[in-house]
Amino acid sequence: SAVISQKPSRDICQRGTSLTIQCQVDSQVTMMFWYRQQPGQSLTLIATANQGSEATYESGFVIDKFPISRPNLTFSTLTVSNLSPEDSSIYLCSVGTGNGYTFGSGTRLTVV
Amino acid sequence: AQSVTQPDIHITVSEGASLELRCNYSYGATPYLFWYVQSPGQGLQLLLKYFSGDTLVQGIKGFEAEFKRSQSSFNLRKPSVHWSDAAEYFCAVVNFNNAGNMLTFGGGTRLMVKP
C-alpha cells in the first residue's frame, strides 16, 4: 500500500498567520483527501483533491480558509489561513488504494 | 450519504477480558467498512476491513469483526484485551459520490484497560 510522508508533524502558530501542510505519496494516486480532527473528536473530511482540478470542499469548509494545491499525482498541500485558536486540531491527509486507505501521520497545529 | 455510528463513547475493560466495540452503518447496498485504531499521539492504523465475502474478518493484533447485514452492524471484537490496546477506535465506511470515494468516520470509542 502507499506510504505518505506528511510535514510538519506539529507546529505552534500565531493568530492571523497561516500554516501549510505537505503530503508526499510514494506512488501516483488520483485522489487525495484532507481531514481535520479537533481535540477529542473524530475525523471530518475537509476536501477531496484531484490533480489538475479544483478541490471539492465539504459543507462548512471553504477554499479561502483551506486552500489546497495538487500539482501532481504524488503531492498535495493544505493551507490553513488566518489562524484562530479554533483551528487548533490535527490535520491528516489520506489516499485511497486498491486495498483501502492510507493516512499520513498527521500535523498537530496549536494556535496561540 | 453513508454514515456510521459508534454508540459507545467510552468503554473500560479489565486486562484479559473480552472486548466488543459496536459500529452501525447506514447504507442501502453492501458497504465497504473499516476499523482503525489511534493510539495517543499516533496516527491511524488500519485494523481490518470488509469489502465482500466472508462476513467474519480477521485483522491485526488479534482483532476480528463480523459484518451483519440484518443488524447493519460491523462490531469489532477481541477475545483477550492487553493494556497496550488502550486507544481510540474508529469505524469508517466508504462514501461513494462524484467528488471521490472518501471515508466517513464514526465518532470513535475510547477504550481504557484496567490492570
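In the range B:80-102, which residues become less accessible by 30 Å² or more once every protein chain is in place, relative to the chain on its own, using a 1.4 Å probe?
Buried by 30 Å² or more upon assembly, which counts only protein chains, are B:Phe90, B:Ala99, B:Asn101, B:Met102.
What list of ³J(HN,Hα) values in whole Hz, one per residue of the range A:60-69 in order, does the Karplus curve 6.51 cos²θ - 1.76 cosθ + 1.60 (θ = phi - 60°) give from phi, with Gly and Pro shown as x?
Each residue's phi maps through the Karplus curve to give x, 10, 10, 5, 5, 8, 10, x, 10, 10 Hz.
If the rule is a partner Cβ under 4.7 Å, which cysteines in the protein assembly as shown fail it?
Result for the protein assembly as shown is A:Cys13, no neighbouring Cys Cβ within the cutoff.
Which whole-number percent is the relative contact order of chain A (Cα, under 8 Å, 6+ apart)?
Values: 279 pairs, mean separation 42.5, N = 112.
Worked out over chain A, it gives 38 percent.
Given points 7 Å out from each Cα along the Cα-Cβ axis, report the B:Glu66 to A:Val3 separation in nanometres with one decimal.
Spacing of the two 7 Å Cα→Cβ label points: 3.8 nm.
If you average the alpha carbon positions of the range B:1-67 and of the range A:45-60, how far apart do those two centres end up, in angstrom?
Here the answer is 27 Å between Cα centres.
Compute accessible area for the range A:75-112 by itself and then with all protein chains, 1.4 Å probe, and report residues whose area falls by 30 Å² or more.
Residues meeting the cut-off: A:Asn99, A:Tyr101, A:Phe103.
If you filter the range A:10-39 for trypsin sites (Lys or Arg not before Pro), then keep DSSP loop positions with at most 14 other Cβ within 10 Å, what is left? Let's see the in-between values first.
On the way: sites: A:Arg10, A:Arg15, A:Arg36; in loops: A:Arg15.
The qualifying sites are A:Arg15.
Please give the total accessible area that chains A and B bury against each other, computed with a 1.4 Å probe and expressed in Å² to the nearest 100.
That pair hides around 1400 Å² of surface in total.
Roughly how many percent of the accessible protein surface of the range A:14-58 is carbon and sulfur, given a 1.4 Å probe and a whole-percent answer? It would help to have the intermediate numbers written out before the result.
On the way: 830 of 2260 Å².
Roughly 37 percent, rounded to a whole number.
Run the numbers on chain B and let me know its relative contact order in percent, using alpha-carbon pairs under 8 Å that are six or more apart.
Working: 287 pairs, mean separation 42.8, N = 115.
Dividing the mean separation by the residue count of chain B yields 37 percent.
Peptide B:28-40: average number of partner chain Cβ atoms within 10 Å per residue? Mind dumping the intermediate values first?
Values: counts 0, 0, 0, 0, 2, 0, 2, 0, 4, 0, 7, 0, 0.
Counting other chains' Cβ atoms within 10 Å and averaging over B:28-40 gives 1.
With every protein chain present, what is the per residue accessible area of chain A (1.4 Å probe, Å²)? Can you show the working numbers first?
Numbers: 5240 Å² over 112 residues.
Heavy-atom accessible area per residue stands at 47 Å².
Might you report the magnitude of the Cβ-based charge dipole of the protein assembly as shown about its Cα centre, with Lys and Arg at +1 and Asp and Glu at -1, to the nearest 20 debye?
On the way: 16 positive and 15 negative charges, 27 e Å.
The calculated dipole for the protein assembly as shown is roughly 140 debye.
Does a label point 7 Å from the Cα of A:Ser84, set along Cα-to-beta-carbon, have any residues of the range A:25-69 with amide nitrogen under 13 Å, and which are they?
Flagged as within label range: A:65.
Report, in debye and to the nearest 20, how large the dipole of the range B:3-114 comes out about its Cα centre when Lys and Arg carry +1 and Asp and Glu carry -1 on their Cβ.
Values: 9 positive and 8 negative charges, 17 e Å.
Value, rounded to 20: 80 debye.
Using unit Cβ charges (K, R positive; D, E negative) and no other charged atoms, how large, in debye to the nearest 20, is the dipole of chain A about its Cα centre? Write out the running numbers ahead of the final one.
Details: 7 positive and 7 negative charges, 41 e Å.
Magnitude of the dipole: close to 200 debye.
Residue by residue, what Karplus-based ³J(HN,Hα) values in Hz, rounded to whole numbers, does the range B:28-34 have, using 6.51, -1.76 and 1.60 with θ = phi - 60° and x for Gly and Pro?
Along the range B:28-34, the couplings run x, 9, 6, x, 9, 10, 9 Hz.
Thinking of the protein assembly as shown as a set of Cα atoms, what percent of all their pairs are more than 32 Å apart? If you can, show how the numbers build up before the last one.
Values: 4981 of 25651 pairs.
More than 32 Å apart: 19 percent of the Cα pairs in the protein assembly as shown.
Straight-line reach from B:Lys61: which lysines have a Cα under 29 Å away, not including same-chain ones fewer than 8 places off?
Within the straight-line cut-off, B:Lys61 pairs with A:Lys7, B:Lys49, B:Lys78, B:Lys114.
Which whole-number value in Å² is the accessible area per residue of chain B, probe 1.4 Å?
47
Return the long-range amide H neighbours of A:Ala47 (sequence gap of 5 or more, or a different chain), with a cut-off of under 5 Å between placed amide H atoms.
Under 5 Å from the amide H of A:Ala47 lie the amide H atoms of A:Trp34, A:Glu58, each far enough along the sequence or on another chain.
Search the structure for amide H atoms under 5 Å from the amide H of A:Val111, placed 1.01 Å from N in the peptide plane, and list their residues when 5 or more places away or on another chain.
Under 5 Å from the amide H of A:Val111: A:Cys13, A:Ser88.
Distance from the Cα centre of the range A:67-92 to that of the range B:74-115, in angstrom?
One Cα centre to the other: 24 Å.
So if we plug the beta-carbon distance of B:Asn101 and A:Thr20 into 1/(1 + (r/R0)^6) with R0 = 22 Å, what FRET efficiency do we get, rounded to 0.05? Before the final figure, lay out each step's value.
Values: r = 26 Å, r/R0 = 1.19.
Result of the calculation: an efficiency of 0.25.
Along its principal axes, what span do the Cα atoms of chain A show, with the longest given first and each in whole Å?
39, 25, 22
The values are calculated or read from the model by the stated rules, or taken from the named source; none is laboratory data. Just so it is clear, the structure is predicted and the values come from calculations on it, not from any experiment. Methodologically, a virtual Cβ is constructed for each residue, glycine included, from the backbone with ideal geometry; neighbour enumeration extends over all protein chains shown. All accessible areas refer to the heavy atoms of the entire protein, side chains included, with ligands and DNA or RNA removed. Shrake-Rupley method; radii C 1.70, N 1.55, O 1.52, S 1.80 Å.
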